[in-house]
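Take a look at the structure set out below.
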Amino acid sequence: MTAPSSDLQTIEDLTFRVLYRGAFALLEVHLRLGQTLKAQSDAMVAMDPTIDVEGKMEGGLLGGVGRMFSGESLFFQTLRASRGAGVAHLAPAQPGDLLPIHLNGQQTYILQKDGFLAASDGVSISTTAQNLTRGLFGGEGFFVLKASGRGMLFAESYGAIHELDVPAGQEMIVDNGHLVAWPESIGYTIEKASSGWISSFTSGEGIVCRFRGPGKIYIQSRNPAAFGAWVRPLLPSNRRG
């Protein structure tokens, strides 16, 4: 039995649906003649022969280098329906769900590193530097991805995606390793999980993000760093005897 899939829908100029929601999501996009879609390198799984795929350095050399600092690839894939309408399927490298976000040209979203899968041609993906405190202690590095413009954005997660709605005047504390995406308009700070540094790290949490509403935060049910720490001792290279 397969997991439920979303219905085929058209938002702005892109027709799409997300298949196998949950642990192993797959994005299906329907491109018109001449329409393009940008995607993370190696995201394409299958496509009609009417579609061409090529590498493109979004934002030029500086943009590509900036994305490398944020954990993404130097090049994007560009899928173009060059010889007629066609269907393409894309998937993230990690097991998890997909989050479709409609950008209306006014709202900008911030993505975790490794959080970008695909976007309409009208969406710009750039890199932004966090302040020193966030870069040192936030777990996402000095750079994160910023998505702006108009069209559809597809973010990927490790595990299931859950929406947290933070009302105006209220706060929500999130483990930084569980963040997927959030609007740039929502304020947040990086802080210790507990009152002291020793207590914060011995609790297993370390650093958290304190968001202040209003706004919606999208989180993932699993933490890739925590999974890496769990599986590392099980690898043959780390086992004795």
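Read-outs throughout are calculated quantities, based only on the coordinates presented, and are distinct from any laboratory measurement. Everything numeric here is computed off the predicted structure, so don't read it as measured data.
So if each residue of separation counts as 0.36 nm, and I subtract the Cα-Cα distance between E184 and R32, what length gain in nm does that give?
51.6 nm
Give the lysines reachable from K56 as a straight Cα distance under 17 Å; neighbours fewer than 8 places away on the same chain don't count.
Once the sequence-local lysines are set aside, what remains near K56 is K38.
Mind checking which lysines have their Cα closer than 23 Å to the Cα of K216? Skip sequence neighbours fewer than 8 apart in that chain.
Straight-line reach from K216, under 23 Å: K113, K146, K192.
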